[in-house]
Amino acid sequence: MSTLVYIPVDDPESLQHSLPLLHPKLRRWIIDFTSTYNEDEPVELISYIFPIARLSSLLYLEIKAVDLKNPHTSLAVLKELPCLSTIVLPRYSATLAVLSVLSTFPALRDIKTNTSGPLVQDCKNEHPRGPHFSSGAFPLLTSLAVSGCPQHMIYLTANEYFPSYVRSLTVETFCCADLENHSPDATLMLAKKCETISNFVMRDIWEGFAPSFTDLRSFLSEKLTQLKVESYMPLWYGVADLESLISSLPAIESLYLNPTPFHPIDDHDHGSFVLNDITSLLRGCPKLRELGILLDTSEPYDPVPQDIGLTSKLQELHVGSSKLAPLLVDSVANFFARLLPRYCAVTYNANDSGSWDSLSSTLASLRSLMRFTEQRQRLMWTRKAKASV
């Protein structure tokens with residue numbers, strides 16, 4: 001056995017019964033507290049971490065929890081593990097205090113976060129003057145997640161041992177009491193420091209805060225292959241913003257522009273992108289394989305260029321929480337059938353299925369009809385060619 005997924009009960013002592021499974025050759029340990037979450041009692045991680053410190057071959061550690069208590073002090077006991085290369089923490093847990101501890105781990109390559117943390121976090125308990133990095137910090141790091149308010153990001157980049165050489169960066173911004181502290185300077189400083197990143201995730205889930213392309217512009221570069229935005233409100237943009245985005249991302253392969261805002265979208269709300277924008281993105285980003293956007297399907301659209309579906313590499317179009325009126329199912333399905341490659345899947349959130357289920361069925365029928373028509377045309381051309389010989 002190389003992987004162990006542990007789901008604890010309320011009593012930390014329950015881990016004692018699993019100790020025989022913690023043999024030295026265990027490579028992956030995933031501990032999931034989400035099913036036992038108690039909002040009045042954050043998880044005391046230290047009781048569960050101590051036994052892991054003896055796993056000398058451990059490569060991967062993932063913690064799933066809604067709320068952790070002092071994770072930096074708990075994780076410190078693992079710093080002697082010689083092989084630990086990946087740590088995945090709950091959303092908003094990669095604070096400056098935690099990163100200060102992880103900076104001393106000798107084999108660490110990836111610091112990531114998952115989606116098990118709180119939807120919204122604030123910085124009332126996070127007021128460090130800065131991270132405590134020293135010479136030799138993060139010797140092998142390639143992927144970094146950082147959680148904090150904009151001022152924390154400024155502290156982070158000001159440290160002379162900040163790992164600016166990482167290839168993947170996730171930025172999770174805390175809520176601040178003063179929204180004016182959502183300073184673009186923090187984003188700009190991070191972008192200037194991390195000039196080698198090819199994968200960028202921005203998670204900015206402030207209740208009532210609507211992001212814009214201004215927050216992204218500093219990170220747009222020809223090196224990016226993956227870009228993902230998650231936010232409380234829909235992402236808004238202008239025509240010039242979209243043109244700038246497309247021209248700045250010639251190598252982009254995976255692009256998720258907040259298709260599922262954390263603020264619920266009601267029946268009267270629409271997405272921030274229109275169908276014509278998909279055409280523009282496929283034209284301008286020829287390497288695009290995954291696209292996630294929040295669509296306003298009620299807006300009129302232009303005819304689909306005949307050749308675009310033949311040249312596009314798109315494998316998935318994720319429309320997230322987009323709304324689709326029943327009366328528009330046929331027209332939108334026809335648009336997708338003409339625009340998207342035949343193998344491209346159209347995916348959506350399960351709780352927002354509704355008319356999208358009908359569209360999937362209609363789209364499948366249209367694609368079958370188009371294949372039949374093409375086969376029939378090829379057969380006719382072959383017969384004509386033989387008859388002319």
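The values are calculated or read from the model by the stated rules, or taken from the named source; none is laboratory data. Since we're looking at a predicted model, the values are computed, not measured. Reconstructed Cβ throughout: ideal geometry from the backbone, glycine too, with neighbour counts over all protein chains shown. Just the protein is used for accessible areas: all its heavy atoms, side chains included, with ligands, DNA and RNA removed. Shrake-Rupley method; radii C 1.70, N 1.55, O 1.52, S 1.80 Å.
For the range 111-155, give me the residue count where each residue is open to solvent by less than 60 Å² (accessible area, probe 1.4 Å), out of contact with any Phe, Trp or Tyr (no Cβ under 9 Å at 6 or more places or on another chain) and at pLDDT 90 or above.
Of the residues in the range 111-155, 4 are open to solvent by less than 60 Å² (accessible area, probe 1.4 Å), out of contact with any Phe, Trp or Tyr (no Cβ under 9 Å at 6 or more places or on another chain) and at pLDDT 90 or above.
Scan the range 62-87 residue by residue and report those that are part of a strand (DSSP E or B) and either touching a Ser or Thr at 6+ places or on another chain (Cβ under 7 Å) or at positive phi (or both).
Of the residues in the range 62-87, the ones part of a strand (DSSP E or B) are 62-64, 68-69, 86-87.
Listed by number, the residues that qualify are 64, 68.
Under 7 Å by Cβ, and 6 or more places apart or on different chains, what pairs join a residue from the range 161-188 that is modelled with pLDDT of 90 or more with one that is surrounded by fewer than 15 Cβ atoms within 10 Å (Cβ to Cβ)?
Short answer, once both residue conditions are applied: 161/134; 161/135; 165/196; 167/196.
Of all residues being open to solvent by less than 10 Å² (accessible area, probe 1.4 Å) and touching a His at 6+ places or on another chain (Cβ under 6 Å) in the range 77-110, which is farthest from residue 3 (Cα to Cα)? Just the residue, please.
It comes out as 96.
What number of residues within the range 212-231 satisfy the criterion of being open to solvent by 20 Å² or more (accessible area, probe 1.4 Å) and at pLDDT 80 or above?
10
Are any of the residues in the range 253-271 over 14 Å from the mean Cα position of the chain (by Cα) and modelled with pLDDT of 80 or more?
No, the range 253-271 contains no residue that is over 14 Å from the mean Cα position of the chain (by Cα) and modelled with pLDDT of 80 or more.
Mind checking which residues of the range 89-117 are within 17 Å of residue 168 (Cα to Cα) and not in a loop (DSSP other than H, G, I, E, B)?
Answer for the range 89-117, where residues must be within 17 Å of residue 168 (Cα to Cα) and not in a loop (DSSP other than H, G, I, E, B): 89, 99, 102, 110, 111, 112, 113.
Looking at 56, 74, which is the one that is among the small types (Gly, Ala, Ser), open to solvent by less than 30 Å² (accessible area, probe 1.4 Å) and out of contact with any Cys (no Cβ under 6 Å at 6 or more places or on another chain)? Before you say what the answer is, go through the steps one by one.
Values: 56 fails: open to solvent by less than 30 Å² (accessible area, probe 1.4 Å).
When all the criteria are applied, what remains is 74.
Could you list all residues from the range 352-382 that are surrounded by 12 or more Cβ atoms within 10 Å (Cβ to Cβ) and of a type in the set (Phe, Trp, Tyr)?
Residue satisfying the conditions is 356 alone.
Open to solvent by 20 Å² or more (accessible area, probe 1.4 Å), modelled with pLDDT of 75 or more, out of contact with any strand residue (DSSP E or B) (no Cβ under 6 Å at 6 or more places or on another chain) and assigned to a helix (DSSP H, G or I) - does that describe any residue in the range 26-33?
Checked against the condition, which is being open to solvent by 20 Å² or more (accessible area, probe 1.4 Å), modelled with pLDDT of 75 or more, out of contact with any strand residue (DSSP E or B) (no Cβ under 6 Å at 6 or more places or on another chain) and assigned to a helix (DSSP H, G or I), the range 26-33 yields no hits at all.
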